[in-house]
1. Looking at segment A:50-66, which of the residues that are in contact with an Asp or Glu (Cβ under 9 Å, 6 or more places away or on another chain) and part of a strand (DSSP E or B) is surrounded by the most Cβ atoms within 10 Å (Cβ to Cβ)?
2. Taking segment A:67-112 only, how many residues are open to solvent by 10 Å² or more (accessible area, probe 1.4 Å), in a loop (DSSP other than H, G, I, E, B), within 11 Å of chain B (Cβ to nearest Cβ) and out of contact with any Pro (no Cβ under 7 Å at 6 or more places or on another chain)?
3. So, in segment A:19-44, of the ones that are more than 13 Å from chain B (Cβ to nearest Cβ) and within 13 Å of A:T71 (Cα to Cα), which residue ends up farthest from the chain's Cα centre (by Cα)?
4. Going through segment A:16-44 one residue at a time, which ones are touching a residue at least 12 places away in the same chain (Cβ under 8 Å), touching an Asp or Glu at 6+ places or on another chain (Cβ under 6 Å) and either in a loop (DSSP other than H, G, I, E, B) or surrounded by fewer than 21 Cβ atoms within 10 Å (Cβ to Cβ) (or both)?
5. Within 14 Å of chain B (Cβ to nearest Cβ), hydrophobic (A, V, I, L, M, F, W, C) and not in a loop (DSSP other than H, G, I, E, B): does that describe A:L47?
6. Any chance you could count how many residues in segment B:34-50 are among the hydroxyl-bearing types (S, T, Y) and out of contact with any Ser or Thr (no Cβ under 8 Å at 6 or more places or on another chain)?
7. Give the residue, chosen from B:S93, B:S79, that is of a type in the set (S, T, N, Q) and open to solvent by less than 10 Å² (accessible area, probe 1.4 Å).
8. Can you tell me which residue among A:K56, A:K52, A:K60 is in contact with a helix residue (DSSP H, G or I) (Cβ under 9 Å, 6 or more places away or on another chain) and either more than 14 Å from chain B (Cβ to nearest Cβ) or over 30 Å from B:L113 (Cβ atoms) (or both)?
Amino acid sequence: GDSVTQMEGPVTLSEEAFLTINCTYTATGYPSLFWYVQYPGEGLQLLLKATKADDKGSNKGFEATYRKETTSFHLEKGSVQVSDSAVYFCALHSGGYQKVTFGIGTKLQVIP
Amino acid sequence: KAGVTQTPRYLIKTRGQQVTLSCSPISGHRSVSWYQQTPGQGLQFLFEYFSETQRNKGNFPGRFSGRQFSNSRSEMNVSTLELGDSALYLCASSLTGGDNTGNTIYFGEGSWLTVV
């Protein structure tokens, strides 16, 4: 079945540091890939998505590129801010049904 | 436009009771799915509804059930609550549910259920 693997964290960075959160996946066919963010006490917000190989999703300074050859979708940001502190979920969606498979989530803490 | 709306946001139930959670999808969205989030198991798929029909179901016991109404609003019910059912229950909606470029899935804020 489908699965998503990501580092669990927590990841602690200083403000303005470079962020990478690794994500790899296993899926049949050609899934769409997502990064969702969850702030404390809130639901999930879609951060970015990519629907086919070599697509780059980007939003709010975050980027991720759909790499089919390495089955990866790593999240990057050049300069993190304290307000980026949250839990980040890598996820995939494939097929005709609305079933999303999530990674375990990576908690990011950015300190001033 | 309004997002996915879930009610209630917070609730406390006693073991053995039953609970019903409600989800109003984004206007025009016909597919609704439900997820359970717990610290130990992460985010797990419960079920999906499209045009009032359950299309897909996760690996949960029969105590977990759901339905969708003609206006696409959905409810999920958990009967005979157990302590382990304490979780954040998230609802998501999209136009058609399928994996295609124009079909983005949006999540609600969730319903926090505590079973005591």
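1. Taking segment A:50-66 as the starting set, the residues that turn out to be in contact with an Asp or Glu (Cβ under 9 Å, 6 or more places away or on another chain) are A:51, A:53, A:56-57, A:60-66.
Then keep just the ones that are part of a strand (DSSP E or B); that gives A:56-57, A:62-65.
Numbers: A:K56: 10, A:G57: 21, A:F62: 20, A:E63: 17, A:A64: 26, A:T65: 17.
If we take residues in segment A:50-66 being in contact with an Asp or Glu (Cβ under 9 Å, 6 or more places away or on another chain) and part of a strand (DSSP E or B), then A:A64 is surrounded by the most Cβ atoms within 10 Å (Cβ to Cβ).
2. At the first step, the residues of segment A:67-112 found to be open to solvent by 10 Å² or more (accessible area, probe 1.4 Å) are A:67-71, A:74, A:76-79, A:81-85, A:87, A:94-97, A:99, A:101-102, A:104, A:107, A:109, A:111-112.
Cutting the leftovers down to in a loop (DSSP other than H, G, I, E, B) gives us A:68-71, A:74, A:78-79, A:81, A:85, A:94-97, A:99, A:104, A:112.
Add one more test, that the residue is within 11 Å of chain B (Cβ to nearest Cβ), and what stays is A:94-97, A:99, A:104.
With out of contact with any Pro (no Cβ under 7 Å at 6 or more places or on another chain) added as a condition, the list becomes A:95-97, A:99, A:104.
Of the residues in that region, 5 qualify.
3. A:T26
4. Result: A:T20, A:A27.
5. Criteria met by A:L47.
6. Matching residues across segment B:34-50 total 1.
7. Values: B:S79 fails: open to solvent by less than 10 Å² (accessible area, probe 1.4 Å).
Exactly one residue qualifies, and that residue is B:S93.
8. Working: A:K56 fails: in contact with a helix residue (DSSP H, G or I) (Cβ under 9 Å, 6 or more places away or on another chain); A:K52 fails: in contact with a helix residue (DSSP H, G or I) (Cβ under 9 Å, 6 or more places away or on another chain).
The match here is A:K60.
The values are calculated or read from the model by the stated rules, or taken from the named source; none is laboratory data. Here the structure is a predicted model, which means the values were calculated and not measured. For neighbour counting, all protein chains shown are included, and Cβ atoms are generated from backbone atoms with ideal geometry for every residue, glycine included. When the accessible area is computed, the model is the full protein with side chains, heavy atoms only, and any ligands, DNA or RNA have been set aside. Shrake-Rupley method; radii C 1.70, N 1.55, O 1.52, S 1.80 Å.
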